[in-house]
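Peer 1: Below is a structure I'd like to ask you about.
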Amino acid sequence: MNKKRIFSAVIIIVVALVLLILIKVKNDINHPFITKNNKVEFVVNKGESLFYVIDKLNKDGLMKNKQLMKIYIKNNKLNTTIKSGEYVIPSDISIKEFVDTLNKGMKISVTIPEGYDVERIGDLLEKKGLVSKKDFLKSCKEYKLPENIKANIKAKYPLEGYLFPDTYEFDKSFSSNKIISAMLNRFEEVLKEVEKEENKEITNLKDIVIIASIVEKEARIDEDRAEIASVVFNRLKRKMMLQIDATVLYALGEHKDRLYLKDLKVNSPYNTYKIKGLPVGPICSPGKPSIKAALNPKNTENIYYVLQDNEKHYFTNNYKDFLKAKERYKKQFK
C-alpha cells in the first residue's frame, strides 16, 4: 500500500514537473526576452546571421533561453534570412514574431509626392504606420530650423516647403524629428545639385522656395514651370497682386477643384488675392524642376496665364487676350 502511494506521489510529481516545464517552455516561446522596459533595442550589422544575433542578445542578458529559440527556429523551419538595421521591438513578442520582424526589416518605404504640403505628408506617414499626424505636425512647428531657413513668424508651418518630396526608407523606430531631419538633409542635397546644374547660387532661399511651391501647384506639365515662374516675377516687379488660386486653397486648408468668389476673400497672409507680394511662406514641397524654374525663370513679359486644355497653360501680357482665353476654357465645360 505504501509502495502504491509512493509510486502515485512520484507520478504526480513527475506529471507536475512536466507540466511546469511545458508551461515554462511555452512561456519562453511566446515571451523570449528579458527587459526592464517594454522594448528591446539592438543593431543587426550587414552580414550577421540570425543565430549570431541571437547569441549577441543572449550575451547582453536579454534572452531567457537562446537554445530553446534556436531549436524552435530549426524545428519550425523558420526563414533565417534577416535584414540589417537598427531595431526597436516590443519585449512581449514571440519567437516567430521576432524572426518575422528580422525577415522584413525595420525599413518602411515612403514616397512623398511633389506638391504635398506638411499636413498631407503627416497623413501619409500616419497611414504608413510610422508616426501619428498629430505628433508630426507638432514636430514641424517645434523643430529647430537650420540656419539657412528663415521662416516668417506668421507661417503656418515653419518647415513647409523644405521637406523634400522623394522616396525614403525610414526605420519603423524613427521619431517625427528623425523623419524631418532626413527630409531636410535631402532638401540640402538637392539645393546643391540645382546650384551646380544651373550654375547659379541661391541667394534668397525663402523667396525661391515660395515661388517654387507656387509653380509646383500651378503647373500641369514641365514645360510650363519656367514660364509660370516668369509670370510670378513679372507681377512682383510691377507690384501687382499675384492672384494665384493655389495660395487661396492653402489658406483655406482645403483640396478642391473649384474656388468661389467668397473663397477669394478669405483673410490670410497666404491669400494673394488680398495681399501684395509673396505669401508668408511656401504652400507645398516643391520638386527639383520647380526649384530650377524659380531660380531660372523664362525671360518673358507675360503677366497672365490660364489653362487651355486641362494641361497646357496659355500665357500673355495682354489683359483682353487673357479674358478671351479664360472664356475659351470655360466653354469646354459647358
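Here, each number is a calculation from the coordinates, and none is a lab measurement. Note that the structure is predicted; figures quoted are calculated from it, not measured. Reconstructed Cβ throughout: ideal geometry from the backbone, glycine too, with neighbour counts over all protein chains shown.
Peer 1: Of the residues 147, 126, 193, which is without any contact (Cβ under 8 Å) to a residue 60 or more places away in the chain and either under 23 Å from residue 289 (Cα atoms) or part of a loop (DSSP other than H, G, I, E, B) (or both)?
Peer 2: 147
Peer 1: Taking only pairs six or more apart or across chains, which ones have beta-carbon atoms under 8 Å, a first residue in region 98-112 that is surrounded by fewer than 16 Cβ atoms within 10 Å (Cβ to Cβ), and a second residue that is β-branched (Val, Ile, Thr)?
Peer 2: 103/81; 103/82; 109/167; 111/167
Peer 1: Let me ask something additional. Among 89, 82, 73, 54, which is the only one that is under 30 Å from residue 174 (Cβ atoms), surrounded by 15 or more Cβ atoms within 10 Å (Cβ to Cβ), free of Cβ contacts under 8 Å to residues at least 60 places away in the same chain and in contact with a Ser or Thr (Cβ under 6 Å, 6 or more places away or on another chain)?
Peer 2: 89
Peer 1: Run residue 271 past the list (1) touching a strand residue (DSSP E or B) at 6+ places or on another chain (Cβ under 7 Å); (2) part of a loop (DSSP other than H, G, I, E, B) and report the number of the one that doesn't hold.
Peer 2: (1)
Peer 1: Show the residue pairs meeting these rules: Cβ distance below 6 Å; 6+ apart or different chains; first residue within region 166-180 and without any contact (Cβ under 8 Å) to a residue 60 or more places away in the chain; second residue among the polar types (S, T, N, Q) and assigned to a strand (DSSP E or B).
Peer 2: 167/111
Peer 1: On to the next question. With touching a Leu at 6+ places or on another chain (Cβ under 8 Å) and either part of a loop (DSSP other than H, G, I, E, B) or not hydroxyl-bearing (Ser, Thr, Tyr) (or both) as the only criterion, which of 89, 93, 180 stands out?
Peer 2: Numbers: 89 fails: touching a Leu at 6+ places or on another chain (Cβ under 8 Å); 93 fails: touching a Leu at 6+ places or on another chain (Cβ under 8 Å).
Step by step, each of 89, 93, 180 is checked, and only 180 is touching a Leu at 6+ places or on another chain (Cβ under 8 Å) and either part of a loop (DSSP other than H, G, I, E, B) or not hydroxyl-bearing (Ser, Thr, Tyr) (or both).
Peer 1: Now for a different question. Looking only at region 168-180, decide whether some residue is more than 28 Å from residue 229 (Cα to Cα) and exposed (fewer than 14 other Cβ atoms within 10 Å of the Cβ).
Peer 2: Looking for residues that are more than 28 Å from residue 229 (Cα to Cα) and exposed (fewer than 14 other Cβ atoms within 10 Å of the Cβ), one finds at least one in region 168-180, hence yes.
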